[in-house]
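Below: the structure, in structure tokens.
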Amino acid sequence: ADLDYVMRAVSTIRHALNGRVPLIGFSGSPWTLATYMVEGGPSKDFRHLKGMVYNRPELAHALLDKLALAVTDYLNAQIRHVEGLIRESDGRRVPVILFTKNGGLWLESMADTGCDALGLDWTINIGEARRRVGDRVALQGNMDPAVLYASPAAIRAEVARILAALDASGQAED
């Protein structure tokens, strides 16, 4: 109820898009939300939250479990307000994209979650990611957002580098 303004915005945007392009819903992960709750804001070292994990693991798990349920409810509410977590709504499949910053260490485990796609940050080579997860999931992203500060030519070169790395994996998608 407190986030009704978000649901109204999602409905308004979905209506304005008129089916021309998909609208991607979003939520922070339970870990990210716990970080803001426990640390009081973003953190580089997660000192207080990791301290809770080691000193009071039962409390940390209870918080993360509660947040996981809240994230699921929040995402399902977004799906319902885009006329649609719910994997099918009104006869349409709702794809799930899983993104974890610096998630290259866990690609196989992430692909095993049942998601449809993995969002990659720039710390993992997309060709290596494709080799590791095969065709189990789609891949997206992989560009350092800071490249957008560069010239159009540099941006095109970075896109070409990413596509070449994917092509070199032997499993490039059309």
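In straight Cα distance, which lysines are under 20 Å from K101, not counting same-chain residues fewer than 8 positions off?
The reachable lysines, counting only those whose Cα sits under 20 Å from K101, are K44, K50.
Taking the Cα centroid of region 3-27 and of region 105-164, what is the distance between the two, rounded to the nearest whole Å?
So the two Cα centres are separated by 25 Å.
For region 103-174, what does the alpha-carbon gyration tensor say about shape, rounded, prolate or oblate, given a ≥ b ≥ c as the root eigenvalues, a/c under 1.5 as rounded, and a/b over b/c as prolate?
Values: a/c = 2.51, a/b = 1.70, b/c = 1.48.
Note, shape of region 103-174 comes out prolate.
Where does the chain land at 222 nm, in deg cm²/dmol rounded to the nearest 500, when only DSSP H runs of n ≥ 4 count, each adding -39500 (n - 2.57), divided by all residues? Please report the intermediate quantities before stating the final value.
Numbers: 7 runs with 88 residues, N = 174.
The per-residue figure over the chain is -16000 deg cm²/dmol.
How much of the pair distance distribution for the chain lies past 28 Å, counting alpha-carbon pairs only, in percent? Don't skip to the end; give the middle numbers.
On the way: 5820 of 15051 pairs.
Percentage above 28 Å: 39.
A short reminder: the numbers here are calculations on the coordinates, not readings from a lab. None of the values given here were measured: they were computed from a predicted structure.
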